[in-house]
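S.K.: Take this structure first; my questions come after.
Where a number appears in this text, it was derived from the coordinates with a stated rule and is not lab data. Model, not experiment: these values are computed from the prediction. Because the Cβ atoms are built from the backbone with ideal geometry, glycine has one as well, and the counts that use them run over all protein chains shown.
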Amino acid sequence: MMIAIVCIDDSGGMLFNRRRQSQDRLLREDLLREAAGKTLWMNAYSARQFKGALPETVRAEEDFLDRAGSGELCFVENRDLAPYAGKLEGLIVYRWNRQYPADLFFTVPLENWTLVRQEEFAGSSHEKITKEVYSK
């Protein structure tokens, strides 16, 4: 079991032409606060956008979705989460509140999830970013 973190646009898009649709410095800061004291997994592609030294609890491995354990977080930008849906115990969804071109989409249906927290904040590149935290 793990908790996945994704950034999506209004159509559920995550990636276009093997590149993230967008990135935001204040979103990264919020993500690291959310993960404080927990193991945060990601791949090298995602780790590159974090400037400076990452906390010791961050693990960058290409097979991060297979390695993550219960209660650990996975920041997923360029992978399809559908094959791991049965391993998910929670989701953190950051919404860009915009529409971008996309060819990789977030495909985990949210109908069977419970929204436990929602907040909005201004990002460094987006007027409004919506953060939704879901549990099973």
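S.K.: Over the chain, calculate the relative contact order: mean separation of alpha carbon pairs under 8 Å at least 6 apart, over the residue count, as a percent.
M.R.: Values: 275 pairs, mean separation 51.5, N = 136.
Relative contact order for the chain comes out at 38 percent.
S.K.: What are the equivalent ellipsoid semi-axes of the chain, built from the alpha-carbon gyration tensor (square roots of five times its eigenvalues), in whole angstrom, biggest first? Display every interim value, and only then the final one.
M.R.: Values: eigenvalues 74, 64, 49 Å².
Each semi-axis is the square root of five times an eigenvalue, giving 19, 18, 16 Å.
S.K.: In addition: For the pair THR114 and ALA53, what calculated FRET efficiency results from E = 1/(1 + (r/R0)^6), where r is the Cβ-Cβ distance and R0 = 25 Å, to the nearest 0.05? Kindly include the intermediate steps, with their values, before the conclusion.
M.R.: On the way: r = 35 Å, r/R0 = 1.42.
FRET efficiency, ALA53 to THR114: 0.10.
S.K.: From the phi angles alone, apply the Karplus equation (6.51, -1.76, 1.60; θ = phi - 60°) to segment 103-116 and give each ³J(HN,Hα) in whole Hz, x where the residue is Gly or Pro.
M.R.: For segment 103-116, the Karplus-derived couplings read 10, 10, 10, 6, 10, 7, x, 8, 4, 9, 10, 10, 6, 9 Hz, x marking Gly and Pro.
S.K.: Work out Dmax and Rg for segment 74-136 from the C-alpha atoms and quote the Rg first, both in angstrom.
M.R.: Gyration radius and largest Cα-Cα distance of segment 74-136: 12.6, 34 Å.
S.K.: Can you find, among LEU91, THR130, ALA60, the residue farthest towards the positive end of the dipole of segment 2-135? Put +1 on the C-beta of Lys and Arg, -1 on that of Asp and Glu.
M.R.: It is ALA60.
S.K.: Just rank MET1, MET14, fewest to most, by other beta-carbon atoms within 10 angstrom. Each step should come with its number before you reach the end.
M.R.: Numbers: MET1 13, MET14 24.
Final ranking by Cβ density, sparse to dense: MET1, MET14.
S.K.: Please identify the trypsin sites (Lys or Arg not before Pro) of segment 1-54 that satisfy two criteria: DSSP loop assignment and at most 11 other Cβ atoms within 10 Å. Which are they?
M.R.: Working: sites: ARG18, ARG19, ARG20, ARG25, ARG28, ARG33, LYS38, ARG48, LYS51; in loops: ARG18, LYS38, ARG48, LYS51.
Those that pass, being in a loop and sparsely packed, are ARG18, ARG48, LYS51.
S.K.: Okay, next question. Based on the mean of other beta carbon atoms within 10 Å per residue, what is the order of 126-136, 3-13, most packed first? Don't skip to the end; give the middle numbers.
M.R.: Details: 126-136: 15.9, 3-13: 19.5.
The most tightly packed comes first, giving 3-13, 126-136.
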